[in-house]
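Notes to accompany the following structure.
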Amino acid sequence: KASGKPDVAIAAAIQADGHADVKGSDWGFGYQLAWMWDINERARVGVNYRSKVSHTLKGTADWEADGADAKRAWDLMAKLGYVPNEKASVKIVTPESLSVHGMYRATDKTNLFGDVTWTRHSRFNKAELVFENTKAIGVGKTSDRTVITPNWRNTYKVAVGGSYQYSEPLQLRAGIAFDQSPVRGAQSRLNTLPDGNRIWYSLGAKYTLR
């Protein structure tokens, strides 16, 4: 044939009938800084900073045809760059966070706790998944990567809780937290990263064996 355009057209028609399973691993390093102050016998406050961590995840991408048309055209898809196995990588920076914690001893048996945490989720504004092979993605277009642009915002989490010393060995605990979503709104929500605001409820107990 005179050109590769018919192949590209067929590939575009069946591009939704397949998927890639991407796996990768990496080591990252960061640090934490913490400080605590006992205001008096009943109250104390603490601050904790956790640094960002940069990752370059490297691994493999395994492509698989799902639909019948895609399976019949698998040899054609391989010619266009969709090979069964290939190398893949992505760079990700996990965000830093700053927390302020407080504790107040309301009575001899009751302690109250509070926490406010700020997280710099805006660092995750773009992620590029880079494949080993360049692929045809449309008529006259090729690419070796998939780009995700979450456009996340910085967030806050606010939590309050308490503990009650029911008896000498048994302590009861409860808490509630509001965790703000980094997704700015419905228009910027991705189907690969569906997220929303969360409210956390917790119940617990501590029993000391003697």
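So here's what we get for this one:
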| item | result |
| --- | --- |
| Test for residue 126: is it surrounded by fewer than 18 Cβ atoms within 10 Å (Cβ to Cβ), among the basic types (Lys, Arg) and within 30 Å of residue 167 (Cα to Cα) | no |
| Hits in region 196-210 - residues which are assigned to a loop (DSSP other than H, G, I, E, B) and open to solvent by 40 Å² or more (accessible area, probe 1.4 Å) | 197, 208, 209, 210 |
| Residue within region 176-193 that is without any contact (Cβ under 8 Å) to a residue 24 or more places away in the chain, more than 30 Å from residue 74 (Cα to Cα) and surrounded by 14 or more Cβ atoms within 10 Å (Cβ to Cβ) present | yes |
| Count of region 74-101 residues which are of a type outside the set (D, E, K, R), modelled with pLDDT under 75 and farther than 18 Å from residue 142 by Cβ | 1 |
| Hits in region 132-145 - residues which are open to solvent by 70 Å² or more (accessible area, probe 1.4 Å) and not acidic (Asp, Glu) | 134, 137, 139, 140, 141, 142, 145 |
| Residue within region 118-127 that is within 30 Å of residue 188 (Cβ to Cβ), touching a strand residue (DSSP E or B) at 6+ places or on another chain (Cβ under 6 Å), at pLDDT below 90 and part of a strand (DSSP E or B) present | yes |
| When residues of region 16-43 are limited to those that are surrounded by 12 or more Cβ atoms within 10 Å (Cβ to Cβ) and charged (D, E, K, R), the one modelled with the highest pLDDT | 42 |
| Residue 167 vs. criteria of a type outside the set (A, V, I, L, M), more than 14 Å from residue 200 (Cβ to Cβ) and out of contact with any Leu (no Cβ under 9 Å at 6 or more places or on another chain) | yes |
| Matching residues in region 83-113 - criterion: being closer than 25 Å to residue 57 by Cα, open to solvent by 30 Å² or more (accessible area, probe 1.4 Å), polar (S, T, N, Q) and touching a residue at least 40 places away in the same chain (Cβ under 8 Å) | 89, 94 |
| Cβ pairs under 7 Å, 6+ apart, first in region 11-40 and over 30 Å from residue 139 (Cβ atoms) and assigned to a loop (DSSP other than H, G, I, E, B), second at pLDDT 90 or above and among the β-branched types (Val, Ile, Thr) | 26/56; 28/53; 29/53; 30/53; 39/45 |
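Yes or no, residue by residue, for (1) part of a strand (DSSP E or B); (2) free of Cβ contacts under 8 Å to residues at least 60 places away in the same chain; (3) open to solvent by less than 30 Å² (accessible area, probe 1.4 Å):
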site: 45; (1), (2), (3): yes, yes, no
site: 81; (1), (2), (3): no, no, yes
site: 115; (1), (2), (3): yes, no, yes
site: 130; (1), (2), (3): yes, yes, no
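The values are calculated or read from the model by the stated rules, or taken from the named source; none is laboratory data. Being a predicted model, the structure only gives us computed values, none of them experimental. Cβ coordinates were reconstructed from backbone atoms using ideal geometry, including for glycine residues, and neighbour counts include every protein chain displayed. When the accessible area is computed, the model is the full protein with side chains, heavy atoms only, and any ligands, DNA or RNA have been set aside. Shrake-Rupley method; radii C 1.70, N 1.55, O 1.52, S 1.80 Å.
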